[in-house]
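The values are calculated or read from the model by the stated rules, or taken from the named source; none is laboratory data. As the structure is a prediction and not an experimental result, all values here were calculated from the model. Because the Cβ atoms are built from the backbone with ideal geometry, glycine has one as well, and the counts that use them run over all protein chains shown.
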Amino acid sequence: MKTILFDIHGSTGHIHATLKMATLLKNAGYQVVYALPVEYWPTVEKHGFLTAHPLCLITLSEMVTSDSETDEFAKMRRSLNTIHPQLVLIDEIDSYKAILYQILNYPTVLSQSMIDTARKKGIPPFTSYRLPSNNIFNRVFIELLWILRISSFWCRLFFKFKTKWTVLHRSLTYVTKKHGIALFKIIEIDRCSSFGIRGIPRLIISPKDFDFPHPEMKNVFRIGPLVSINREGEIDHPRYRILIEYIAHLKSNDSGKVIYVSLGTVSNYDIGRCTKFFATIAKVARWHSNDLFVLSTGKFFDVSRLFPLPVNMMVFESVPQVDLLQKCDIMITHGGMNSITECVFCGVPMLVYPLSRNWDQPGNSARVVYHGLGLRGRIERDAAKTISQKINQIIANHSFYKNNVLKMKKKFEAKNDSTEVVTIIEHLMNSYGN
């Protein structure tokens, strides 16, 4: 049995984005092993996949201290020999790992769960709220955004001497030079985040139909959405069951909308902004007394900061999101790719409030607006009145937004159960001689 190693970034969202692809490969007879920190093992083991400790857990900076580099590569090789993968699939956010695997002669492919990060003419970086258009001013502005983005990357790399990028650059320079590799000939910096590696195939999981229209680049394979909609299994949570019963009561009486609010699994990185936004949502809920607001805060939020809660708001640390979305009318989301894809599959219009300007959330919000899947706002400046108005706008035009979401769903469904990814993986393995 051939083995494929998934070296995925330690993040719930990144792992969830790969589960359907891993399942399709498993069903095709491949053994899939996830290299992850121990705390993420239950997430993949319940789907029947094997787990291993991160093989690149030893950082590059440790490789260049003393004379340990040879020893660290030896440890990595021994670990790989126990798994013996025919192909290593690497999360593109950690693209530098591809260099280490290739030094050890293991074939690699990069996987991207977000929209394509590579620079394309007329398409803004995914950190931008900008929508593309054909007028010359907009095209020039988009080019400036890319120049600033790339210049910023170089500045972080060379002038802020204690950033992770500087340490990574110096370490990569050391290791590649020692192995006769010209670093600046193999890395690509025209990316929204991190950097790319020349010549390595790229799998883009985010759906092509959700992106802005553009020609595909060479060696890029669009395989998404590939969402594991039924990943949650049977749900046994007493308080959640009460919520579902109450939602059923609301629906039977047609007495209000169900509005689900979540800023994703990364909300703990900006708890101050989340706290302010959740408090604003509580205020909005009081104005929308006929509607039910369901708030998922994440485990790092102190719910007492919202007391006294509106009578029409229920707060959870976490909820089975896919199950809940199938019963909702609107989702207020941070705009992560997984949440947007799940909203589309569940037919739910969105109100997007990007939490971070350093990732794909602003660009995702632009695409939601571009395709008419909902509205967006600015979390740092929209007051309760503005949020309420946008909710009212979606409710007043709910059939318009829902129809657009359902049209997108049909496009997603055509790809979601496709075994094309298996054919692509087999083609790539054959091209490496495996």
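Give me the residue from the range 22-38 that is closer than 13 Å to ILE8 by Cα and within 20 Å of the chain's Cα centre (by Cα) and, out of that set, surrounded by the fewest Cβ atoms within 10 Å (Cβ to Cβ). This residue is PRO37. Against the criterion of being closer than 26 Å to ASN338 by Cα and either of a type in the set (Gly, Ala, Ser) or assigned to a strand (DSSP E or B) (or both), VAL261 qualifies. Filter the range 255-304 down to residues that are in contact with a helix residue (DSSP H, G or I) (Cβ under 8 Å, 6 or more places away or on another chain) and among the aromatic types (Phe, Trp, Tyr) and give me whichever is farthest from GLN389 (Cα to Cα). Here the answer is PHE300.
Across the range 169-200, the number of residues qualifying as within 13 Å of GLN102 (Cα to Cα), buried (at least 19 other Cβ atoms within 10 Å of the Cβ) and at pLDDT 85 or above comes to 2. Cβ-Cβ distances below 8 Å connect the following pairs, each with a first residue in the range 238-267 that is on the phi > 0 side of the Ramachandran plot and surrounded by 11 or more Cβ atoms within 10 Å (Cβ to Cβ), a second residue that is of a type in the set (Gly, Ala, Ser) and at pLDDT 85 or above, and a separation of six or more residues or different chains: GLY264/GLY336; GLY264/SER339.
For CYS274, the criteria (1) over 30 Å from VAL422 (Cα atoms); (2) crowded, with 18+ Cβ neighbours inside 10 Å; (3) at pLDDT 90 or above hold in every case but one, which is (3). The set of residues in the range 107-147 that are without any contact (Cβ under 8 Å) to a residue 40 or more places away in the chain and buried (at least 19 other Cβ atoms within 10 Å of the Cβ) contains only ILE142.
The residue of the range 375-434 that is surrounded by the fewest Cβ atoms within 10 Å (Cβ to Cβ), among those that are of a type in the set (Gly, Ala, Ser) and closer than 30 Å to THR108 by Cβ, is GLY433. In the range 305-360, the residue that is farthest from GLY264 (Cα to Cα) out of those that are polar (S, T, N, Q) and modelled with pLDDT under 90 is ASN358. Of a type in the set (Val, Ile, Thr), in a helix (DSSP H, G or I) and not assigned by TED's automatic domain parsing to the domain that holds LEU145, is that true of ILE387? Here the answer is yes, as ILE387 does meet what is asked. Regarding PHE210, is this residue farther than 14 Å from TYR96 by Cα and among the aromatic types (Phe, Trp, Tyr)? When the stated conditions are applied, PHE210 passes them.
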